[in-house]
Amino acid sequence: MIEGVLRGARRILANLKPIKVPDGPARSFRDLWPGDAARGARLLRGEFEAFGTTRPLRAPEGDAAPTRTDWTPAQPGGSQAWYAAAHGFAWLRDLRALGTDAARLRGRALAADWLAHGAHDPLAEAPEVAGARISAWLGHWDFLAATAEDGFRRQLMQRLAQDARGVVAGLPAEAAHRGALVALKGGMAGAVALEEETWLARCVRFLPQELERQFRPDGGHVERSPGVQLAALQDLIEIRNLLHGAGVEAPPQLAATLDRVAPALRMLRHADGGLALFNGTRDEPASFIDLVLTQGQSRGRAPMQLPETGFHRLAASRTLVLMDCGAPPAARRDAAPGGLPRGADRNAHAGTLAFEMSVGRERLIVNCGAAPAAEGEWRDAMRATAAHSTLVLADTNSSELRPEGLGRRVEGVTTDRFEEDGKLWLDATHDGWVKQFGLRHRRRLFLSESGDSLIGEDLLETTREAALPGCTLRFHLHPSVTASLQQDEQGALLRLPSGAGWRLRAGRDVRVAIEESIYLGGEPRRSQQVALHVEAGVDTVNWALSRIGQPAPTTEPQPG
């Protein structure tokens, strides 16, 4: 509380000091990342797509209406993410990707409309949103403003200076998630553009502690999301390049962090180059991830596990399994300016002990993906335990979903890993249902040395005298996979696009069903899932995935 009062006082004092606002940035900036021309074309049509959600974002034509609503959320909830992205202006990349005069003029018209109707929305003034906007404006200055009218450039520079002053005065940022890193990056960019040496020195001073707060010793980001891991690596690269371009020596912690973060990102990739869909992650092109890793200049190999972050990788021959074996990230129940959540669990899913599996460059078992900018009900459907390839007990989420993050949650996850002669075992337990049901979920996986079979055992272990409710094991399939039920209804045949087949078999006391699912890695796509329905009173479920043409395993191997 005291820190919050001090931060507010610093902002008030900063606002009392005049800023010398130049006609343009003192240094030239260049945004490093490619845009999406298809999204840019949608912006020309008055539609902005962010995180899979599309809403109107129109520049006025002719006589502008006296009131604009495109920049203001109609109600709080999951849609805050869409409006934060709109206020953040990273969509300038998409217009730039079109490379036309019409795209440039649309960017200016939207920026002018924002200055008139969106600039004073509380969400626009949130530090992470302001920081993103500073970086976007400076990174696209030549595209957006260099040849624009003097009055428009002056308005942009004045607002940029106001935002940068507020962001720097508010350091260290209050948010416990990546938004704090975005705010710090924006403050640095604004300080360089305005030649405010004291601002830049303040940002550099807070950088080491922010790096320690954002990244765990294994290189994983605190939000435990492969998608956020990628975005945070982009932030680090931009900060490094910004300081180098300004002739400022970066703290040694920056290079050391980059050397950890890039290998951790590699660990979270499938063989097709894309990311595993945990905790709000959506599909990103493999070529884009390659570009980010190249810019990161780190050659470290992908580790087999991130012990502090809680992800494990099992690989044998062409088969790869990625599993979430970590507790959800830290929470904060208060909200930042603009109503944005502060906790690192802001986009956390209830998917503890879920796994994904790919064979070569083809994905077989997946999670459903994410809709972080959708309305609350749809957003939470993708965050639910049932949207992940794991066990669901009594149709209850393993962690409670709230708009600002998680409520009741998995607090402890124990993991043991064994390797012997190419064989791999993973044994993990979480306590998400202990308080409600007195039960722990334990998942044991075994991957053969040939990669031709993955054997699983899911157990419900009692912590007190309690009844065993029914449960369901869900195996969500990638949309390219087709499934058919075997005649004895104790298994399913799974066919990959290449024609390769796998068989999923279940033990006794299990009803196997093929049900509808949805894949929201990118554009929504229909898919299927294999569901193993287990009646009340059963505490152990055995199952096996084996390549067709190989003998089906009959017993579970024990770790050595």
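The values are calculated or read from the model by the stated rules, or taken from the named source; none is laboratory data. The model shown is predicted, which means the values in this text are computed figures rather than measured ones. A quick note on method: Cβ atoms are made from the backbone with ideal geometry, for glycine too, and the neighbour counts reach across all protein chains shown.
Annotations for the structure displayed:
- Among residues of the stretch 322-343 that are without any contact (Cβ under 8 Å) to a residue 40 or more places away in the chain, those with a Cβ under 7 angstrom from a residue that is surrounded by 19 or more Cβ atoms within 10 Å (Cβ to Cβ), sequence gap 6+ or separate chain, pair up as Asp334/Arg342.
- Tally of residues being in contact (Cβ under 8 Å) with a residue 24 or more places away in the chain and more than 25 Å from the chain's Cα centre (by Cα) across the stretch 122-159: 16
- Top-ranked residue of the stretch 337-365 - restricted to ones that are at pLDDT below 95 and over 19 Å from the mean Cα position of the chain (by Cα), ranked as farthest from Gly499 (Cα to Cα): Pro337
- Looking only at the stretch 237-271, and only at residues there that are touching a strand residue (DSSP E or B) at 6+ places or on another chain (Cβ under 7 Å) and more than 9 Å from Gly219 (Cβ to Cβ), the one that is surrounded by the fewest Cβ atoms within 10 Å (Cβ to Cβ): Ala271
- Any hit, the stretch 332-339, residues being surrounded by fewer than 24 Cβ atoms within 10 Å (Cβ to Cβ) and more than 23 Å from His87 (Cα to Cα): yes
- Total residues in the stretch 444-475 satisfying the condition of being part of a loop (DSSP other than H, G, I, E, B), surrounded by 16 or more Cβ atoms within 10 Å (Cβ to Cβ) and at pLDDT 95 or above: the figure is 4.
- For the stretch 427-485, the set of residues classified as among the β-branched types (Val, Ile, Thr) and over 28 Å from the mean Cα position of the chain (by Cα) consists of Ile455, Thr462, Thr463, listed by residue number.
- Test: Thr414 is hydroxyl-bearing (Ser, Thr, Tyr), out of contact with any Leu (no Cβ under 8 Å at 6 or more places or on another chain) and modelled with pLDDT of 95 or more: yes
Residue by residue, here is whether (1) assigned by TED's automatic domain parsing to the domain that holds Asp452; (2) without any contact (Cβ under 8 Å) to a residue 24 or more places away in the chain; (3) over 30 Å from Ser546 (Cβ atoms); (4) not small (Gly, Ala, Ser) holds:
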position: Leu242; (1), (2), (3), (4): no, no, yes, yes
position: Ala246; (1), (2), (3), (4): no, no, yes, no
position: Glu249; (1), (2), (3), (4): no, yes, yes, yes
position: Val261; (1), (2), (3), (4): no, no, yes, yes
position: Phe278; (1), (2), (3), (4): no, no, no, yes
position: Ile289; (1), (2), (3), (4): no, no, yes, yes
position: Gln297; (1), (2), (3), (4): no, no, yes, yes
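- Qualifying positions in the stretch 358-381 - in contact (Cβ under 8 Å) with a residue 60 or more places away in the chain and either part of a helix (DSSP H, G or I) or not assigned by TED's automatic domain parsing to the domain that holds Ala428 (or both): Gly376, Trp378, Arg379, Asp380
- Residues being under 16 Å from Glu223 (Cα atoms) and among the β-branched types (Val, Ile, Thr) - total across the stretch 167-187: 1
- Among the candidates Val410, Val481, the residue that is under 24 Å from Arg526 (Cα atoms), touching a residue at least 12 places away in the same chain (Cβ under 8 Å) and not polar (S, T, N, Q) is uniquely Val481.
- Selection within the stretch 86-95: residues that are surrounded by 22 or more Cβ atoms within 10 Å (Cβ to Cβ) and closer than 15 Å to Gly35 by Cβ. The member of this set that is farthest from the chain's Cα centre (by Cα) is Leu95.
- Meets criteria (under 28 Å from the mean Cα position of the chain (by Cα), assigned to a loop (DSSP other than H, G, I, E, B), surrounded by fewer than 17 Cβ atoms within 10 Å (Cβ to Cβ) and not acidic (Asp, Glu)) for Gly499: no
- Considering residues of the stretch 296-331 that are charged (D, E, K, R) and within 18 Å of Arg444 (Cβ to Cβ) only, the residue surrounded by the fewest Cβ atoms within 10 Å (Cβ to Cβ): Arg313
- Verdict on Ala232 being under 18 Å from the mean Cα position of the chain (by Cα), of a type outside the set (S, T, N, Q), assigned to a loop (DSSP other than H, G, I, E, B) and more than 21 Å from Ile19 (Cβ to Cβ): no
- Number of the condition not met by His221 [criteria: (1) crowded, with 24+ Cβ neighbours inside 10 Å; (2) within 22 Å of Leu160 (Cα to Cα)]: (2)
- Residue within the stretch 399-420 that is surrounded by 17 or more Cβ atoms within 10 Å (Cβ to Cβ), among the small types (Gly, Ala, Ser) and either outside the structural domain of Asp539 (by TED's automatic domain parsing) or in a loop (DSSP other than H, G, I, E, B) (or both) present: yes
Let's see how each residue does on (1) modelled with pLDDT of 95 or more; (2) farther than 21 Å from Arg417 by Cβ; (3) part of a loop (DSSP other than H, G, I, E, B):
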{"position": "Gly300", "(1), (2), (3)": "no, no, yes"}
{"position": "Pro303", "(1), (2), (3)": "yes, no, yes"}
{"position": "Glu308", "(1), (2), (3)": "yes, no, yes"}
{"position": "His312", "(1), (2), (3)": "yes, no, no"}
{"position": "Val321", "(1), (2), (3)": "yes, no, no"}
{"position": "Ala327", "(1), (2), (3)": "yes, no, yes"}
{"position": "Ala331", "(1), (2), (3)": "no, yes, yes"}
